[in-house]
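In what follows, a single structure is set out as structure tokens and then discussed.
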Amino acid sequence: MTKPVFSASVLSVSAPTPVISVSPVVLSTPGRAVDLQMRVSAPTTGRDLPIILLSHGQGRSNHLSSLNGYGPLANFWAAHGFVVIQPTHLSSRSLSLDPGTPGAPLFWRSRVEDMKRILDGLDAIEAAVSEIKGRLDHSRVAVAGHSMGGHTAGMLLGAQLTDEDGAKVDLSEPRIKAGVLLTPPGNGGADLSAFAAGFAFFRQPSFAEMTTPTLVVVGDQDVSPHLTVRGADWHADPYFLSTGPKCLLTILGGEHGLGGISGYDVAETTDENPERVALVQRLTWAYLRTALYPDDSAWSMACAALAELGELARVECK
């Protein structure tokens, strides 16, 4: 039997607080197919709160890939001191956009631009959500993303790509100080499936320029034949092909849903496992605490505790 990880004595986190969650918060976005909608989740107490921008993936469901998904992460992070902002990207099925909309179906560039718009509009977001007004620390911002959201987050953290017109694309965002990539896409070229190779933005990624501190989280059973001809190790490429400071968290037995991070009891999770989700919740929290507050020892303490749970996950850093 595996050891439980739900006790704070094993992987310690701060004491939880009640959470407020407000949606939809809408930013007027001229030139976008629809205005930018988001969910804002925050602890009910505290000031100078750090911020996580959370980019959803592109799963089979209609609403997990929107501001209504990823409750297991958003609620946990908010209960432990972060303000979490979740946009609904144009790629979300919940919007039912015309397939002919420019950028469809995955809207990779618009996704990145959504996050920049949020940063530009933080004052407006605070004004719209009275519960967080004056409580945000605009200097401590992280980004996290799952699957296609990992591609979005990676671009903000410095990863680049070659567009179909041959131009090198750099959309890095200096206001973002740290990141978490959850089962992100890996290398392009011959490593891609025929399906993935049909999207220009997958073909020639470059992780060498992704210099922002980042935790890459993968499952060692996350085989994705619709995206790559390689195995689960493909998702770890953003760690191995980038420079430090980076860490790689490998969830043993984990598949693409990492135990169920995209929602509670959702059918598209192929490896549902609350213990696995608890690992991801606590370890990502610890990483971001230390990345945004270098004097905070949460990450080193979590890694030390994880060493006693070696059958569940492993960490390496550079």
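The values are calculated or read from the model by the stated rules, or taken from the named source; none is laboratory data. Being a predicted model, the structure only gives us computed values, none of them experimental. Glycine also receives a Cβ, built like all others from the backbone with ideal geometry; neighbour counts cover every protein chain displayed. For the accessible areas, the whole protein counts, side chains as well, though only heavy atoms, and no ligand, DNA or RNA atoms are used. Shrake-Rupley method; radii C 1.70, N 1.55, O 1.52, S 1.80 Å.
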Centroid-to-centroid separation of the range 185-212 and the range 84-118 [C-alpha atoms, Å]: 19
Are any of the pairs K168/K246; K177/K318; K116/K318 more than 19 Å apart by Cα-Cα distance, and if so, which? K168/K246; K116/K318
Ratio of Rg to Rh over the range 210-294 (Cα coordinates, Kirkwood Rh, two decimals): 0.99
Throw me the Rg/Rh for the range 165-209, computed over C-alpha atoms with Kirkwood Rh, two decimals. 1.00
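Looking only at the range 171-270, where both bridge partners belong to it, what percent of the DSSP beta bridges are antiparallel (to the nearest 5)?
Values: 1 of 11 bridges.
Here the antiparallel bridges make up roughly 10 percent for the range 171-270.
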Positive-pole candidate from V19, T284, S91, dipole of the chain, charges at beta carbon: V19
Cα pairs beyond 19 Å in the range 1-153, in percent, come to 53
Rounded to the nearest 5, what % of the DSSP beta bridges within the range 45-190 are antiparallel ones? 20
Could you do me a favour and compute the accessible area per residue for the chain, 1.4 Å probe, result in Å²? 39
Beta bridges per DSSP with both ends in the chain, % antiparallel, nearest 5: 50
Evaluate the charge dipole of the chain about its Cα centre and quote only its size in Debye, nearest 20, assuming +1 on the Cβ of each Lys and Arg and -1 on the Cβ of each Asp and Glu. 400
Would you please report the Å³ per residue occupied by the convex hull of the alpha carbon atoms in the range 139-245? 83
Note, the range 65-80: 3J(HN,Hα) by Karplus (6.51, -1.76, 1.60, θ = phi - 60°), whole Hz, Gly/Pro = x, goes 7, 5, 5, 8, x, 6, x, x, 8, 4, 5, 5, 4, 5, 5, 10
Leading residue at positive end of dipole, the chain (Cβ point charges), from S224, W77, L156: W77
Considering only C-alpha atoms, what is the centroid distance from the range 256-285 to the range 301-318, in Å? 18
Counting every C-alpha pair in the chain, the percent lying more than 27 Å apart is 37
